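Here the structure comes first, spelled out in C-alpha cells, and everything after it is commentary.
No lab work stands behind these numbers, since they all come straight from the coordinates. Given the structure is predicted, the values throughout are model-derived calculations rather than measurements. When we count neighbours, we look across all protein chains shown, and the Cβ atoms used for this are built from the backbone with ideal geometry, even at glycine.
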Amino acid sequence: MSQEIASVQEELDRTAAEFAEKVPSEIRATMDAAGEEVAEFVSRQSIVGVGDAAPGFTLPDATGDDVKFQALLGRGPVVLAFYRGGWCPYCNIELRALQAALPEFRRHGATLVAVSPEAPDQSLSTTEKNELAFPVLSDKGNEVARRYGLVFALPESLRPVYANFGVDLLAHNGDDSFELPVPATYVVDREGRVSYAFVNADYRQRAEPRDVVAALAGLEVR
C-alpha cells in the first residue's frame, strides 16, 4: 500500500522564511544578488534533462566503497539526487524527505543515491546525522556533476558570507575551487535514460518526493 508523502517544499519555505527574519537586510541583499548571478550562469549551461542519456560513474560511498552507476541500473531505475553538502540546511531537509519516501521508491523497484562534492568522512557525518539508509556518494572535484552540467563556482561576494556562517567549503570538499553542484534530482530508467529531471539554481527549491514516485510509477506503464 502506498504511503502518504509529505510536501518537502513547505518545510523548505518555512526554513527560508525563518532565515530571512534572522539575517540582516544587507546580507540578504548580497545573497539575493549572488543567487541571480548563479541563476544567470546556470541558464547558459547544457544540463542533462529528460530524454538524455545519464552519464555513468563510479564513486565512493561514505565508507569508501565504490558504487557503480551501471550496477545500480542493473537492479532497476535509479533516483539520483545531487546536493550541495551536509552544511546546507536545505539539503538536509531534502535528504530526510528522500529517506522518508525511500519505501515508496523501493516499492517501484528503484535505488536511491545522493551525490555531493564532500569528502567521504563528511558524507558519513551527513548519513549519520540524517539517519539515511541509502548511499551518499562523494564526487571529488564535482567531476560527475560537471558531466551533468550542474557545476558553478560560488560567487566571490558569497564566500565571506558563508565563512561568517561557519561554512568552510575548502575543508568540506577538500579543494580550493569553491565549486558546487546545482541541486538536482533525476529518475533514470534501466536503459540509462533520464525520465524525470528537477534542476533549479535556487537551492531553496527541491524536487517533491511524490513527483519522483509518480515518475517511477510512469516507468511501469511504459
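For Lys68, list the lysines whose Cα falls under 19 Å from its own Cα; do not include residues on the same chain fewer than 8 positions away.
Candidates past the 8-residue exclusion: Lys140.
Can you tell me the Rg and the Dmax, both Å, for the Cα atoms in the stretch 135-222?
So, for the stretch 135-222, Rg and Dmax equal 15.9, 50 Å respectively.
So what J values fall out for the stretch 93-98 if you push phi through Karplus, 6.51 cos²θ - 1.76 cosθ + 1.60 with θ = phi - 60°, rounded to Hz, Gly and Pro as x?
4, 5, 4, 5, 5, 5
Which residues make up the longest stretch of the chain that has no GluC sites (Glu not before Pro) in a DSSP loop with at most 13 other Cβ atoms within 10 Å?
Value returned for the longest uninterrupted segment is 5-130.
Treat the stretch 8-220 as a sphere of radius equal to its Kirkwood radius over Cα pairs and apply Stokes-Einstein at 37 °C in a medium of 0.692 mPa s; give the translational diffusion coefficient in µm²/s, rounded to a whole number.
For these conditions, the coefficient is 188 µm²/s.
Please compute the contact order of the chain in relative form: average sequence separation of alpha-carbon pairs under 8 Å and at least six residues apart, divided by the residue count, as a percent.
29 percent
Using θ = phi - 60° and the Karplus curve 6.51 cos²θ - 1.76 cosθ + 1.60, what whole-Hz ³J(HN,Hα) does each residue of the stretch 44-54 get, with Gly and Pro shown as x?
8, 8, 8, 9, 4, x, 4, x, 7, 6, 7
Net charge around Asn173, counting only other residues with Cβ within less than 11 Å of its Cβ (Lys, Arg = +1; Asp, Glu = -1)?
Here the charged neighbours net out to -4.
Mind grabbing the base-10 log of I(q)/I(0) for the stretch 1-129 at q = 0.12, 0.17 Å⁻¹? Debye formula, identical points on the C-alpha positions, no solvent, two decimal places.
-0.63, -1.19
For the chain, what is the mean residue ellipticity at 222 nm derived from helices alone (per DSSP H run of n ≥ 4: -39500 (n - 2.57); sum divided by total residues; nearest 500 deg cm²/dmol)?
Calculated mean residue ellipticity at 222 nm is -13000 deg cm²/dmol.
Any chance you could run the full-extension gain for Ala16 through Glu131? It's 0.36 nm times the residue separation minus the Cα-Cα distance, nm to one decimal.
Stretched out fully, the Ala16 to Glu131 stretch lengthens by 39.1 nm.
Would you list Arg84, Arg14, Arg159, Arg44 from fewest to most Cβ contacts within 10 Å?
Least to most surrounded, the residues fall as Arg44, Arg14, Arg159, Arg84.
Exposure proxy check: Asp65, Asp211 ranked by fewest other beta carbons within 10 Å?
Going from sparsest to densest Cβ surroundings: Asp65, Asp211.
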